[in-house]
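A.B. asks: Dropping a structure here in structure tokens format, bear with me for questions.
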Ligand code: PEP
């Protein structure tokens, strides 16, 4: 049984006081014993403040260095994230792939570093609009999976979360239809079954990301292979983020 995960990527938004306040509102709105797992990913400089202010909240980073320590100016290591109390890290987000030129090989090295440090990697994959229009979606996404997840032992794969985020849906308001998203999620799971095993594939959470909002979340999350959401814009307001969390609770998708 895969536990639904709703993850909020705050990107490079908010100031320190706003980050603490948003975390407070989210933590205060979560139901006790909910079947849904919730995690937030503040800017790295506010991780400490958010974790200290809300120790009960699951908090992660938006990126990490593949290197352990040393002369890597401006970088942050997995050990430093652990030291702050972060438990997860988003890797290979399309903004890092397209704006910072991050390759799947680099995402792979970061994924292994994160796993070795005991962080849960959320590895993002997704096609560009032109690639979808050219009928290349599965090919592009599965190649990103193959390379970004290369060399992982079964036990490591089972500690990894995949996020399918079609690039054309991120921050655009053009959400994938539930059928479009489910088709790619099923293809990823089928690939996992072949690359690892059917039982491993059945355990791995595959999140959907791209313009998820409270009013479209329940239908997306009701799809068999969609195990949660990675949320950008709608995670910056407690009401809309909690609306998505509510939509993920079983009674909302019955
Ligand atoms: C994201 O950046 O991961 C994302 C899904 O953004 P949005 O929800 O704003 O489309």
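Each reported figure results from applying straightforward, stated rules to the coordinates on display, with no laboratory input. This structure is a prediction, so every number in the text was calculated from the model and none was measured. Cβ: placed from backbone, ideal geometry, glycine included. Neighbour counts: every protein chain shown.
A.B. asks: Just to be sure I understand the filter: pairs with C-beta atoms under 8 Å, separated by 6 or more residues or on different chains, first member in the stretch 93-116 and in contact (Cβ under 8 Å) with a residue 60 or more places away in the chain, second member crowded, with 18+ Cβ neighbours inside 10 Å and part of a helix (DSSP H, G or I). Which pairs pass?
C.D. replies: That search, which allows pairs on different chains as well, returns 94/167; 98/167.
A.B. asks: In the stretch 170-197, which residue that is in contact with a strand residue (DSSP E or B) (Cβ under 8 Å, 6 or more places away or on another chain) and not in a helix (DSSP H, G or I) is nearest to residue 108 (Cα to Cα)?
C.D. replies: 170
A.B. asks: Does at least one position in the stretch 33-53 carry a residue that is in contact (Cβ under 8 Å) with a residue 60 or more places away in the chain, in contact with a helix residue (DSSP H, G or I) (Cβ under 9 Å, 6 or more places away or on another chain) and more than 24 Å from residue 233 (Cβ to Cβ)?
C.D. replies: yes
A.B. asks: Scan the stretch 13-29 and tell me whether some residue there is under 17 Å from the mean Cα position of the chain (by Cα), on the phi < 0 side of the Ramachandran plot and buried (at least 21 other Cβ atoms within 10 Å of the Cβ).
C.D. replies: no
A.B. asks: Sticking with this one: What residue, of 77, 94, 104, is within 16 Å of the ligand (Cβ to nearest atom) and within 21 Å of the chain's Cα centre (by Cα)? Spell out how you get there, then give the answer.
C.D. replies: Values: 77 fails: within 16 Å of the ligand (Cβ to nearest atom); 104 fails: within 16 Å of the ligand (Cβ to nearest atom).
Sole residue among the options that is within 16 Å of the ligand (Cβ to nearest atom) and within 21 Å of the chain's Cα centre (by Cα): 94.
A.B. asks: Oh, and also: When you check residue 129 against the structure, is it farther than 30 Å from residue 84 by Cβ and either within 16 Å of the ligand (Cβ to nearest atom) or touching a residue at least 60 places away in the same chain (Cβ under 8 Å) (or both), yes or no? Steps first, please.
C.D. replies: Values: farther than 30 Å from residue 84 by Cβ: yes; either within 16 Å of the ligand (Cβ to nearest atom) or touching a residue at least 60 places away in the same chain (Cβ under 8 Å) (or both): yes.
When the stated conditions are applied, residue 129 passes them.
A.B. asks: Could I ask something else about it? Name the single residue that is farthest from the ligand (Cβ to nearest atom) among those in the stretch 198-241 being touching a strand residue (DSSP E or B) at 6+ places or on another chain (Cβ under 9 Å) and in a helix (DSSP H, G or I).
C.D. replies: This residue is 221.
A.B. asks: Same structure again: Could you look through the stretch 94-138, keep only residues that are closer than 17 Å to residue 188 by Cα and out of contact with any helix residue (DSSP H, G or I) (no Cβ under 9 Å at 6 or more places or on another chain), and pick out the one that is surrounded by the fewest Cβ atoms within 10 Å (Cβ to Cβ)?
C.D. replies: 135
A.B. asks: Another question about this same structure. I'd like the residue in the stretch 139-169 that is away from the ligand (no atom under 16 Å from the Cβ) and not in a helix (DSSP H, G or I) and, out of all such residues, is surrounded by the fewest Cβ atoms within 10 Å (Cβ to Cβ).
C.D. replies: Initial filter on the stretch 139-169 (away from the ligand (no atom under 16 Å from the Cβ)): 139-140, 142-143, 145-147, 149-160.
Filter again for not in a helix (DSSP H, G or I), leaving 149-153, 158-160.
On the way: 149: 25, 150: 15, 151: 9, 152: 20, 153: 11, 158: 15, 159: 16, 160: 19.
Top of the filtered list is 151.
A.B. asks: Here's a follow-up. For a quick check of your reading of the model, give me the residue pairs whose first member lies in the stretch 170-195 and is touching a residue at least 40 places away in the same chain (Cβ under 8 Å) and on the phi > 0 side of the Ramachandran plot, whose second is assigned to a helix (DSSP H, G or I) and surrounded by 15 or more Cβ atoms within 10 Å (Cβ to Cβ), with beta-carbon atoms closer than 7 Å and at least 6 apart or on different chains.
C.D. replies: 171/233
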